[in-house]
């Protein structure tokens, strides 16, 4: 099992330590090593936690705890570290819940074994990446997709999109925000591999 | 649109934070960006590590979508972007793929039927079928479904399937099972067929269930969301259940079984549908024990561990059977 700093957020806030790792290095590391775990992390959370509406919050909380810990020193290897944080977070939540779903804990024990398993190769080839992006864009609602296509493929500015489509700039802005939000979940949080899972 | 919500004392949800982060990133890239804006963003980021993480995530996705510029048309071609996108070959393959990822992990089959096609899943299997009109049918474990060439009639011979049907007034989708017809009136519904009992749960929309034999005086019923119809050869009853229970019934679509205060007998029977190793609960007192559980469909081991460690039961392996007793 991997050592994980105590997950007591209050304590962390009281004696907040100055970040040691430079922000740019931290960000590059987070993008390179943590974000690619999101599909697996979400799958782990879905399997371990009944309440679907908590999943995004749990994921975001795991990220935040990981990021805060990494400000002091970057954990290596990262995968067991992130999943151990997720596990601790779930145990915290299970304790706080009124009714304790015993099997959630049992499942966590079972998953604990799998933590050291090598992660499936998630590096996609450039062509696959393009297909993946198109797939994601195709799933946006029509108007939102149209705005994102004009902005991201045609390279128009927000103002140009508004005048091209004859809609308000704030509407364009809302579509772009919604589009980016949805794309993030689709590109990071979902399993992009259509094959059967292991 | 900006991230000022952070200064409120209420707890921000991940959705709030991520939406703010997405708003910041698109604002930065599509609109005029002043020093005041930058200062405002810096303040928002300084508020919490959660904001920083969400911003990094949104920015990363934004950068990834930069590859899409490879698809830009040659300058000079004037066309509505939407029609271009729809028309392109790439879009069509993308739309097909979209279904794959929308449906998660199970395989997706596209098919052109000649007459009637039979689809089978083995124990523990799951299959997603996509019909020509975009309707989707997910087959659960140990299921047999036949589909007519028209793709508007299907027969569930065994097992369980979840239907998401694109409604067409002129050609309603009809499912035949256990001597009953289920006629879609714009619907998502779950049909489960065990022994001689048929269970139809309506998730969304409207459907009609009726006897397949003409001139019988069996009832016809219109189902509304949350309705579950239980039909045997000569009876039909409708039960209203909360949406949450239907959600649970559908959890197999995520390879998960959810039990809310279910007896061990029920849990074992349900797991046995998905696994070759069969659970046998010995003793009626043990069978009546109740648990709250979410168990992966292949989680026989997880279940036996719970039985052993938390309920203090004996677990014994006998060939393909696992016997659980006091």
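On the basis of the beta-carbon distance and an R0 of 41 Å, residue B:47 and residue B:181 show a calculated FRET efficiency of 0.10.
Counts of other chain beta carbons within 10 angstrom of each beta carbon in peptide A:178-188 average 6. In plain terms, the residue of A:21, A:82 with the fewest other Cβ atoms within 10 Å comes first and the most crowded comes last, giving A:21, A:82. As a proxy for reagent exposure, ranking A:157, B:121 by other Cβ atoms within 10 Å from fewest up yields A:157, B:121.
May I ask what percent, to the nearest 5, of DSSP beta bridges between residues of the stretch B:249-326 are antiparallel? Around 75 percent antiparallel, to the nearest 5. The modelled label-to-label distance for the pair residue B:240/residue B:290, using points 7 Å beyond Cα in the direction of Cβ, is 2.3 nm. Between residue A:24 and residue B:320, the FRET efficiency estimated from the beta carbon spacing at R0 = 56 angstrom works out to 0.45. Counting neighbouring Cβ atoms within 10 Å and putting the fewest first, the residues A:48, B:211, B:284, B:150 line up as B:284, B:150, B:211, A:48. At an R0 of 45 angstrom, the distance between the Cβ atoms of residue B:220 and residue A:160 translates into a FRET efficiency of 0.20. Residue separation of residue B:133 and residue B:157 scaled by 0.36 nm, minus their Cα-Cα distance, works out to 6.3 nm of gained length.
All of the numbers you see were taken from the coordinates with simple rules; none came from a lab. Since this is a predicted model, take the numbers as computed values, not measurements. Neighbour counts are summed over all protein chains in view; Cβ atoms, including those assigned to glycine, are modelled from backbone coordinates with ideal geometry.
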